[in-house]
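What follows is a single structure, written as structure tokens, with notes after it.
The numbers here are math on the coordinates, done by the rules we state, and not lab data. Quick caveat, the model's predicted, so the values are computed rather than measured. Methodologically, a virtual Cβ is constructed for each residue, glycine included, from the backbone with ideal geometry; neighbour enumeration extends over all protein chains shown.
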Amino acid sequence: MNTFNSRYHRQIILEEIGITGQNKINNAKVLVIGAGGLGCPILQYLTAAGVGTLGIIDFDTVDISNLHRQILYGTSTLGKNKAVAAKERLEDLNPDITIIAYPEQLTTKNAISIFENYDIIVDGSDNFSTRYLVNDASIITGKPLVYGAIFKFEGQVSVFNYQNGPSYRCLFPEPPKAGSVPNCSEIGVLGVLPGIIGSMQANETLKIILGLGNVLSNQLFMYDCLAGTSSSFTTTRVEKEIENVKASAAYFETIDYDFFCGVSHVSEITAEMAFQKENVQFIDVREAHEQPKIDILNPIYIPLGTLQEQLTSIETNSAIIVFCQSGIRSKKAVEILQSNGFKNVSHVIGGANALAISMTNLKTNEI
Amino acid sequence: MQHTIKYFGMLVEATSKNEEQLQTEICSVAQLIQQLEHRYPKLNEKNFKVAIDQQLVDNDFIIKDRAEIALLPPFAGG
């Protein structure tokens, strides 16, 4: 038996799959958005199953707080770009497939040209702006979209834009108010939940490729890992929503999805700029245990979760620069401060990770 | 009319309930939402879709007796 037949033997002997099915898997091209909690199990199972071409797009880097659920990474990949780190791990798992890493942010500028190279899009992103962008780009390019999302102990799975089925907008035409739905870094998540939901997304992807079973189109599947219950709800296509998206194709590149989702524009500075600022109050909004500390900036320590209660302890007259580990929580912190009347507030892109690198560079230059 | 209402995701926190029995007059989904928002003001700021007997419906849908109603919010986490 050759390697091909040995590697995929256990799925080839399923009479529903066979060599014909395995060839379909090997010819499939799947793009996974986000290599985080959902992305890791999706990528792992699709790689193992032999999906011929796998794209991975993620701009974020591996942080130690990711490791309890983002199972493709380890301590040796801390600080590495996730798309690149995932590709390296997956190439060891299966060197016979093509894996393409896009270590960049998905935007309206690159989405269409990237999507066009794939047959199926799988959404493992972690915010509404990206989810609406992914939905719309899938409609414009005519690709089925395998959706999964989690909240604390609950998950959702559905397949959109499949054989004239509904899209994400047919379910949720309007995004929720910014900040009304917290994400995992703010409220926490049990590591196995994205494992379960991501595995279900991988399963739906394989069903689409193989033409097997009932694809979860026209259905929203909900799972509660504490109650141990699941429910399915029938959804319907809303033609008007789809037509609106198709009509937006001409000016898609100019759509501001952050604005659409009410994400305010937050003033950003680079790590290099942060070290040059004078008469500034730095605020570190990370939890006490998070490393590295950037003592040289003499920050005050207020974890994001307690910021609202500690506003009175912040000097209102000076300029404020907020940072966290990677620049996500600090953005939230700026929004909170701005909505409480603080005027001169910005945050550091890339957070303490970027500050630490910049600090090392500064020291090297001094020597 | 007697209905069972199930809450999902962050709506559990907004109502402090997973599930409850509710008595209403005959009403549409929009009227039901109004009643629930009056009872649970935190629902006002939430975004959700309503399913009746496992089928997502629009706000003008008229709810029949003994319906199983589910309030489904979108999740973003990944």
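Which order do A:363, A:207, A:152 fall in if you start with the one that has the fewest other Cβ atoms within 10 Å? Don't skip to the end; give the middle numbers.
On the way: A:363 9, A:207 16, A:152 21.
Ascending number of Cβ neighbours within 10 Å: A:363, A:207, A:152.
Which value in Å does the Kirkwood hydrodynamic radius of region A:268-366 take, with 1/r averaged over all unlike C-alpha pairs and then inverted? Don't jump to the answer; show the numbers that get you there.
Working: mean 1/r = 0.0750 Å⁻¹.
It works out to 13.3 Å.
Who wins for biggest fluctuation among B:50, B:12, B:29 in a Gaussian network model of chain B, springs between alpha carbons below 10 Å?
Looking only at B:50, B:12, B:29, the largest GNM fluctuation is found for B:12.
Evaluate the charge dipole of chain A about its Cα centre and quote only its size in Debye, nearest 20, assuming +1 on the Cβ of each Lys and Arg and -1 on the Cβ of each Asp and Glu.
460
At most 11 other C-beta atoms within 10 Å and a DSSP loop state: those are the exposed GluC sites (Glu not before Pro) I care about. Give me the longest piece of chain A that has none. Walk me through the intermediate numbers first.
Values: sites that count: A:15, A:16, A:278, A:315.
After excluding every exposed loop site, the longest remaining stretch is A:17-277.
Once the Cα atoms of helix B:29-39 and of chain B are each reduced to a long axis, what angle between those two axes, in degrees from 0 to 90 to the nearest 10, is obtained?
60
Using the C-alpha atoms of region B:2-72, what convex hull volume per residue, in cubic angstrom, is computed?
Working: hull volume 5.4 nm³, N = 71.
Expressed per residue, the convex hull around the Cα atoms of region B:2-72 is 76 Å³.
Rounded to the nearest 0.05, what FRET efficiency is calculated for residue B:68 and residue A:16 with R0 set to 41 Å and r the Cβ-Cβ distance? Intermediate values should be presented prior to the final figure.
Values: r = 34 Å, r/R0 = 0.83.
It comes to 0.75.
By counting other Cβ atoms within 10 Å of each Cβ, how are B:66, A:131 ranked from fewest to most?
Result, fewest neighbours first: B:66, A:131.
Nearest 0.05, what FRET efficiency do residue A:311 and residue A:163 give at R0 = 56 Å with Cβ-Cβ as r?
Details: r = 52 Å, r/R0 = 0.92.
Working from the Cβ atoms, E equals 0.60.
Averaged across the residues of A:189-196, what count of C-beta atoms belonging to other chains lies within 10 Å of each residue's C-beta?
The mean count of partner-chain Cβ atoms within 10 Å per residue comes to 1.
Which of A:23, A:127, A:340 ends up with the largest GNM mean-square fluctuation for chain A, with Cα atoms connected below 10 Å?
Residue with maximal mean-square fluctuation among A:23, A:127, A:340: A:340.
Percent of Cα-Cα pairs per 10 Å bin, from 0 to the last occupied bin, for chain A, please list those.
P(r) over chain A, rounded to whole percents: 5, 22, 30, 25, 13, 5, 1, 0.
How many angstrom lie between the Cα centre of region B:24-78 and the Cα centre of region A:42-84?
38
Which of the three applies to region A:119-233, rounded, prolate or oblate, going by the alpha-carbon gyration tensor with a ≥ b ≥ c and a/c under 1.5 meaning rounded? Mind dumping the intermediate values first?
Numbers: a/c = 1.82, a/b = 1.21, b/c = 1.50.
Oblate.
What does the helix-only formula give at 222 nm for chain B: each DSSP H stretch with n ≥ 4 adding -39500 (n - 2.57), the total divided by the residues, and the result rounded to the nearest 500 deg cm²/dmol? Numbers along the way, then the final one.
Working: 2 runs with 17 residues, N = 78.
That comes out to -6000 deg cm²/dmol.
Contact order normalised by length for region A:3-260, with contacts defined as Cα pairs under 8 Å and 6 or more residues apart; what percent is it?
Values: 487 pairs, mean separation 51.1, N = 258.
Relative contact order here is 20 percent.
Just want the ordering: A:136, A:96, from fewest to most Cβ atoms lying within 10 Å of their own Cβ. Walk me through the numbers on the way to the answer.
Numbers: A:136 25, A:96 13.
So the ranking, lowest neighbour count to highest, is A:96, A:136.
Add -39500 (n - 2.57) for each DSSP H run of 4 or more in chain A, then divide by its residues: what number comes out at 222 nm, to the nearest 500 deg cm²/dmol?
Details: 16 runs with 138 residues, N = 367.
The per-residue figure over chain A is -10500 deg cm²/dmol.
Springs between alpha-carbon pairs under 10 angstrom, Gaussian network model over chain A: which of A:332, A:177, A:87 fluctuates most?
Its mean-square fluctuation being the largest, the pick is A:177.
Taking +1 at the Cβ of each Lys and Arg and -1 at the Cβ of each Asp and Glu, which of B:5, B:33, B:43 sits farthest along the dipole of region B:2-72 towards its positive end, judged by Cα position relative to the Cα centre?
B:43
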